[in-house]
1. Roll a 1.4 angstrom probe over the protein heavy atoms and tell me the percent of accessible area of the range 1-49 that is carbon or sulfur.
2. If you bin the C-alpha pair distances of the range 137-238 every 10 Å from 0, what whole percents do you get?
3. What is the calculated FRET efficiency for Thr12 to Glu313, with r their C-beta to C-beta distance and R₀ = 51 Å, to the nearest 0.05?
4. Tell me, in nm to one decimal, what length is gained between Ser210 and Arg525 on full extension, where the rule is 0.36 nm per residue of separation less the Cα-Cα distance?
5. For labels at Asp465 and Glu502 in the simple 7 Å Cα→Cβ model, what's the distance in nm?
6. Just read off the accessible area of Tyr9 with the full protein assembly in place, 1.4 Å probe, to the nearest 10 Å².
7. Given a Förster distance of 56 Å, report the FRET efficiency between Ser376 and Arg305 from their Cβ-Cβ distance, rounded to the nearest 0.05.
8. Hey, rough spin-label estimate for Arg118 and Ala199, points 7 angstrom out along Cα→Cβ, what's it come to in nanometres?
Amino acid sequence: MQRTAWRGYLGTGALLTGVYYLLPAGPGAVLNVVVGASAVAAILLGLRWHRPPHRLAWWLIAAAQGLFVVGDALFSVNDLILGIEPFPSLADALYLPGYPALAGGLALLALSRSTGRRDWAGLADAAIIAIGFGLLSWVLVMVPYFQDPSLGLVELIVSLAYPVGDVLLLALAARLATSPGRRTTAFRLLIASLAVTMAGDTLFSALTLSGVSTTVTDGMYLIAYLLLGASGLHPSMAGLSEPARRRQARLGRGRLLAMGAAALVAPALLILQFLQGSDIQIAAIAGAWAVLFVLVMTRMAGLVRAIERAETERRRVLDKTVQAAEHERMHVASELHDGPIQRLAVLSYDLERAKQRMLGNPAAVARVEHAQAALSSEVQGLRELMASLRPPTLDQVGLEAALRDHVGAFARRSGVDCTVRVDLDDRLDGELETVVYRVTQEALTNVARHAGAGRLWLELEGDGDQVDLEIRDDGVGFDPQATSALVRDGHFGLVAMQERVEMAGGSFQVDTRPGAGVTLRAMFRVPAPS
């Protein structure tokens, strides 16, 4: 029952909201109070059922809702029974304290979700949302109140207190919405309730100033009450105030939409006031727009710095991973050379000596020769594996010899006609030689698997501080736009080559189209000797 009560509550409330507009004024007012009071009861029941760790926040929210409900009841008594509309009234004295009570509950929830470290990004996002939509309340509600000569000082203060309270709630609701932590169902229901309440308040004030019926806002308040009660009933309300595990909330789609809408309020108000022919609030709109611009630029700068830090860290980790893999390759190659290959070589000598002693037994000699051939084949396979892990020529003779050996072996295995041209003034740095060799190795693997090529050209040139590697083939090529699809299908060759080149400070290009082969270019800057 505790898990499904909120669904039944929302469903019943939705039905009553539809009934509300079918009832006359008196029963409708009673229904309004009943639905509002049900939200208080739902929160109190949720506190008893789910026992959240920060109960004071929910007690303040329930108290605020209780004040609003009693205010609704007094307003209805004045309007429907006594036939009077005093302003300010005792109902206002109950409505207005509800705003700081609700604000206190929201502030406690937002603080409880904090990690203890200042979330500047969340604060900036909340400020953007609060200033953008707060400008709407200022221009449409507060300024007309200031300009209304029929309002005395007390009436003006009370009238302004409502939009000021809405702006306060907006700021705290925005902060809660941008706080880190889980976005539970209770969290979403609470944020939705606050959004509907503030939209209803703003629309109510604007319609009242225009002399238009405010009946449409009654349904909005009923919906807000129901969403608030459902958030208190939902089992996840206990986790709404749990401290977040990460410092900042994710910049999700809903957050971006809210910030984008807030940033568009200022130009929308300019257009609206221009079309209406009313006095344009240049100072307020321009000031808010300027502050929003600064906040947005600050936020963008923070995002760029975060991306740069993440990219730097990614490259650092990737560089360490590649270096560790290269060291492991060298270690395995050394172990192969000093271990199995040496022992197999000794075994080959033993077989040769045994064969010499069996020259009088042709059958035995044949068996030994067969064993020698199989052993020689295995030794050759191990040598090729060792060379692929770390070719001895790369360290002993240099990059050019290692490239020619590797391309030659590739040509013999694949039948591809290969041409190699190397023009280097001197040997390159050891790490750069390794990168060039590994890129070549990966490129030839791709040609063997996918290109269907008949010819391949490899050119390596060094000109001052520039080293250029170009590998091209006459194979089938591919659509450059399909690179992301290749990665999704598990083909990481091109991405691996690009990562290696860029980690070495170079640039990587791929030129291809279907039926026109592939040309890979890797360009490196070689630092001048100190």
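The values are calculated or read from the model by the stated rules, or taken from the named source; none is laboratory data. Please read these numbers as outputs of a predicted model, since none were measured by experiment. As a convention, Cβ positions derive from the backbone with ideal geometry for all residues, glycine included, and neighbour counts pool all protein chains shown. For accessibility, only protein heavy atoms count, side chains too; no ligands or nucleic acids. Shrake-Rupley method; radii C 1.70, N 1.55, O 1.52, S 1.80 Å.
1. 70 percent
2. 15, 39, 29, 14, 4, 0
3. Calculated value: 0.45.
4. 106.4 nm
5. The modelled label-to-label distance comes out at 2.3 nm.
6. 40 Å²
7. With a Förster radius of 56 Å, E is 0.40.
8. 3.4 nm
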